[in-house]
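What follows is a single structure, written as structure tokens, with notes after it.
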Amino acid sequence: MLSAMVALRRLWRKVVVYAFLVVSFIAPLVLFLSVPAAENSPFHEKKNFGNNGSGILNGFSPGHTSIAMQLNSMEQEVSDDLQLKGVIYKDDNLKNVQIKYNQNVTTSGVTNDSSSRHSGNGDNQPNHVPNSAGGEDKKQKSSDKKTGVLTIRKPPSRSSTAKIWEMEDQLVMAKAYVHFSSSNSNTHLVRELKLRIKEIDRVLSHANKDSDLFTSDLQKMKNMEATLSKARKAYPECSTMASKLRAQLFNAKEQLRAQQNQASYLVRLTGRTFPRGFHCLSMRLTTEYFELHPNLRKLPNSHNFDKPDLYHYAIFSDNVLACSVVVKSTVNSSLEPEKIVFHVVTDSFNFPAMLMWFLLNPPGKATIQIQSLDDFVFLPTGFNSMFMQSAKADPRYTSPLNHLRFYLPEVFPSLNKILLLDHDVVVQRDLPELWNLDMKGNVNGAVEMCKDNVSSHKLEMLVNVSDPAFANSFDGKACLWAFGMNIFDLQEWRRRGLTATYHKLNEIGSRHLWKAGSLPLGQLLFYNHTVTLDKRWHVFGLGSDLRVGVTEIEKAAVIHYDGNMKPWLDTAITKYKGYWTRFLDYSNPYLRQCNIHG
């Protein structure tokens, strides 16, 4: 009986041992079969087992966890420039892209493949690291879908640079606080400011747009703002300093504006003044005039002055040499110079010199008349000085000769048409066609100034057309026309009473509705009374514009040195000067004595 019991116990012990052996063999097999077939990649997809949410990595020891983190780091350090092929798994809930590489990586552990991501702070840390206690991220789902072949993931592109600009502003402010801080100021705050400056400098060294910024960069921007807030409280006197700087800046701008106005005035003054040789010439001619017997001071062919069937030219000038070029170039270009009559009007000071020059240098077969401004009794009282008050800052507008053009019907009461030439023009072609031009009932024939629709050549640039006096009468977008060569129908002028209109406009001008000078007045007076001429009749800009082409100049009937760089000045545009100087005889004894040369 005892032996039977011993035998039974031994049998039971064997059964238990065999049972444990069977369990130890079957259990791993069951566990292995319950796991899905692994991919070729050493980085396995994360799966959930059972209802408790435990995963395959949850049973790892802390040592295994560190191995997983190392693998994640290895994956993250792969350069974006490498063109790696593989498959990507897209999580439906987290919208995260997970990469499975085709490369064989030898490792002793398995890691979570979702951990290789660039974190928002710019540091190379995985987004998900399983902890040693086995707690898994509950937001990660197990059903992943294969979506295609791997492409390198790039950060979203944004063209905005608002945050970059904000950082630059912060940098300027921080440096200003450091600069204005006194020696006994809060040293801790100064050190903090300098630290923030270095941080922002580092960020701006690698970021050119907002999309280049990491989360850590944005945090540094917030830190800088907090430090600047402390600085504002610690240095309230910086507000006073800012006010002082603004005042200094305003004063500097005012001084600059004054200097610019002064420079502009001097440039215009230079364009208006004459070289010393011109004054010498005027004095010598005046002396010769008064030494001349009165009977010899008369110009020939005075009977032609009032003949309306001749070609009459008007030149209002106080420059002897300039007038001589206009007269000589016109005569040389004419096929019938005997039909030409020049009417030169000057002031009383230059009258003797002007008359003496043309007595000594008559214009060939053409007729010339020299008149003094003081001889016109129809002009208003104080005409010679009335423009000094309205435009004393600009010498171009102070001369009454510029306003005399608005009295042409009174200056030449017996004439029907007249061609007005400025003294800074050169005539290159015969001009009788202008007297036969169909004016279409207009008073003025002129070339328009607009080129390529330039806004500075519009009426609104000269006149305040928004004023009620002009709002319903003038179009501010109307193109300006050029003074310098204008054909006037004096009969039509008289019929429309434009001289009286000029007086009314001159009174309105006292309210400062336009810039000083005769140009705005002329634009208003002949508005809707001007016929446009072909641009080849009058090419202007030779005294101000370097872009005027040689072909355009040579085809022009009249070329005009409008601007401050007159051809008789040292400031003249060299490439245009020859068209003017070729009509001067520098061997003339008066020019030689006054050292006037080309």
The correct count of residues that are surrounded by 18 or more Cβ atoms within 10 Å (Cβ to Cβ), at pLDDT below 95 and farther than 11 Å from D424 by Cβ in the stretch 534-547 is 1
Residue by residue through the stretch 504-533, note down the ones that are part of a helix (DSSP H, G or I) and modelled with pLDDT under 90.
K504, L505, N506, E507, I508, G509, S518, L519, P520, L521
Any pair with Cβ under 6 angstrom, 6 or more apart, that starts in the stretch 328-350 at a residue that is free of Cβ contacts under 8 Å to residues at least 60 places away in the same chain and ends at one that is surrounded by fewer than 17 Cβ atoms within 10 Å (Cβ to Cβ) and among the basic types (K, R):
P337/K365; E338/K365
Residues of the stretch 287-313 being open to solvent by less than 10 Å² (accessible area, probe 1.4 Å) and more than 20 Å from A556 (Cα to Cα), in sequence order, are H312
Within the stretch 563-597, tally of residues that are assigned to a loop (DSSP other than H, G, I, E, B), closer than 24 Å to A482 by Cα and open to solvent by 40 Å² or more (accessible area, probe 1.4 Å):
3
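When you scan the stretch 415-433, how many residues do you find that are open to solvent by 50 Å² or more (accessible area, probe 1.4 Å) and either part of a loop (DSSP other than H, G, I, E, B) or of a type in the set (S, T, Y) (or both)?
Initial filter on the stretch 415-433 (open to solvent by 50 Å² or more (accessible area, probe 1.4 Å)): 416, 429, 433.
When the remaining residues are screened for being either part of a loop (DSSP other than H, G, I, E, B) or of a type in the set (S, T, Y) (or both), the result is 416, 429.
Final tally of qualifying residues: 2.
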Mind counting the residues in the stretch 320-350 that are of a type outside the set (A, V, I, L, M, F, W, C), more than 20 Å from V411 (Cα to Cα) and assigned to a loop (DSSP other than H, G, I, E, B)?
2
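If you take the residues of the stretch 176-217 that are among the hydrophobic types (A, V, I, L, M, F, W, C) and at pLDDT below 85, which of them is nearest to P236 (Cα to Cα)?
Restricting to residues being among the hydrophobic types (A, V, I, L, M, F, W, C) and at pLDDT below 85, the top hit is F180.
When the residues of the stretch 555-598 are filtered to those that are of a type in the set (S, T, N, Q) and touching a helix residue (DSSP H, G or I) at 6+ places or on another chain (Cβ under 6 Å), which remaining residue is modelled with the highest pLDDT?
Applying the first criterion (of a type in the set (S, T, N, Q)) to the stretch 555-598 yields 564, 571, 574, 581, 587-588, 593, 595.
Okay, now just the ones that are also touching a helix residue (DSSP H, G or I) at 6+ places or on another chain (Cβ under 6 Å), so 564, 595.
Details: N564: 86, N595: 91.
Checking each candidate, the answer is N595.
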Selection from the stretch 357-384 of residues open to solvent by 10 Å² or more (accessible area, probe 1.4 Å) and part of a helix (DSSP H, G or I) yields W357, L359, L360, D374, D375
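For the stretch 486-499, check the following and say yes or no: at least one residue is without any contact (Cβ under 8 Å) to a residue 12 or more places away in the chain and either outside any strand (DSSP E or B) or surrounded by 13 or more Cβ atoms within 10 Å (Cβ to Cβ) (or both). Working first, answer last.
Pass one, the stretch 486-499, residues without any contact (Cβ under 8 Å) to a residue 12 or more places away in the chain: 495, 497.
Within this subset, residues satisfying the condition of being either outside any strand (DSSP E or B) or surrounded by 13 or more Cβ atoms within 10 Å (Cβ to Cβ) (or both) are 495, 497.
There is at least one residue in the stretch 486-499 that is without any contact (Cβ under 8 Å) to a residue 12 or more places away in the chain and either outside any strand (DSSP E or B) or surrounded by 13 or more Cβ atoms within 10 Å (Cβ to Cβ) (or both).
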Out of everything in the stretch 206-235 that is over 22 Å from H179 (Cα atoms) and polar (S, T, N, Q), what residue ends up being most open to solvent (accessible area, probe 1.4 Å)?
N208
Among the residues of the stretch 236-249, which ones are at pLDDT below 75 and open to solvent by 60 Å² or more (accessible area, probe 1.4 Å)?
P236, E237, S239, T240, M241, S243, K244, L245, R246, Q248
Among (1) touching a residue at least 12 places away in the same chain (Cβ under 8 Å); (2) over 22 Å from V427 (Cβ atoms), which single condition is N295 missing?
(1)
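Is it true that G382 is more than 40 Å from the chain's Cα centre (by Cα), at pLDDT below 90 and of a type outside the set (F, W, Y)? Working first, answer last.
Numbers: more than 40 Å from the chain's Cα centre (by Cα): yes; at pLDDT below 90: yes; of a type outside the set (F, W, Y): yes.
Spelling it out, G382 is indeed more than 40 Å from the chain's Cα centre (by Cα), at pLDDT below 90 and of a type outside the set (F, W, Y).
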Among all residue pairs at least 6 apart or on different chains, which show Cβ distances below 7 Å where the first residue, located in the stretch 562-585, is under 27 Å from P363 (Cβ atoms) and the second is charged (D, E, K, R) and in a loop (DSSP other than H, G, I, E, B)?
D562/D424; K566/D424; A572/K566
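The values are calculated or read from the model by the stated rules, or taken from the named source; none is laboratory data. Just so we're clear, the structure is a prediction, and the values are computed from it rather than from any experiment. Heads up, the Cβs are rebuilt from the backbone with ideal geometry, glycines too, and the neighbour counts pull from every protein chain shown. The accessibility values were calculated without ligands, DNA or RNA, using every heavy atom of the protein model including side chains. Shrake-Rupley method; radii C 1.70, N 1.55, O 1.52, S 1.80 Å.
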